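Throughout, read-outs are computed from the coordinates displayed, never taken from laboratory work. These figures come from a predicted structure and were not determined experimentally. Cβ: placed from backbone, ideal geometry, glycine included. Neighbour counts: every protein chain shown.
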Amino acid sequence: MAKPNKILILHGWEADPQSNWFLDAKNFFQNKGYEVFAPYLPGNYYPRLAEWLRIIKQYHPDEEWILIGHSLGGVAILRFLEQATEMIAQAILTAAPIEPMQFTPIANFFPPEFDYQAIKKNTSKINLIYEADDQMVPLEQGKILSRKLNAPLEIVPGALHLHKLDLRILEKLIDG
């Protein structure tokens, strides 16, 4: 398998490609020689899973791709991997919820329960990053996802729903 050279960064609910750490990550990995894409995912307060999946599919992710998703962007990656027709190199999910909790506008991303077997079959490597005291997506959801996907879980300090992220963590997961 070729070394992945393309990265797709997906923002979360009520965010955009310029917010949080996404633009910094795009610039950082471009400077390391990767082709990096960070599209705007429509819907703002009322996102639609079908629209987000359509955008992911436009990139035709395969074994050359690393998909990074924050929060609901991570959920979109999981849903994409359930139905992917080609294996991707790596998925990195940061603070991805496994249920809508009290947030009705994102309920269309859930249920059904994730098809964890299909997700594992369609990616060579999955990594999870969650905050220890996240007030939006509890760490317990990351622990459940880690068990179901047999994926390593990186726990970082903080409680801001990973609105800030040390890019060295991503670098280690991608290049390490």
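A few notes on this one:
- Loop chymotrypsin sites (Phe, Trp or Tyr not before Pro), segment 70-137, which have at most 11 other Cβ atoms in a 10 Å radius of their Cβ (DSSP): none
- Loop GluC sites (Glu not before Pro), segment 86-162, which have at most 15 other Cβ atoms in a 10 Å radius of their Cβ (DSSP): GLU86, GLU113
- Dipole in debye (nearest 20) - the chain, about Cα centre, beta carbon charges: Lys, Arg +1; Asp, Glu -1: 300
- For segment 6-167, the Kirkwood estimate of hydrodynamic radius, built from reciprocal distances between every pair of different alpha carbons, is 15.5 Å.
- Along the axis of the charge dipole computed for segment 6-167 (Cβ charges of +1 for Lys and Arg, -1 for Asp and Glu, origin at the Cα centre), the listed residues ASN44, ASN127, LEU139 are led at the positive end by ASN127.
- Given +1 at the Cβ of Lys and Arg, -1 at the Cβ of Asp and Glu and no other charges, the dipole of segment 10-107 around its Cα centre is 160 debye to the nearest 20.
- Counting only DSSP H runs of at least 4 residues, each contributing -39500 (n - 2.57), and dividing by the residue count of the chain, the helix-based mean residue ellipticity at 222 nm comes to -9500 deg cm²/dmol.
- The residue among LEU10, LEU67, ALA89 whose Cα reaches farthest toward the positive pole of the charge dipole of the chain, with charges on the beta-carbon of Lys, Arg, Asp and Glu, is ALA89.
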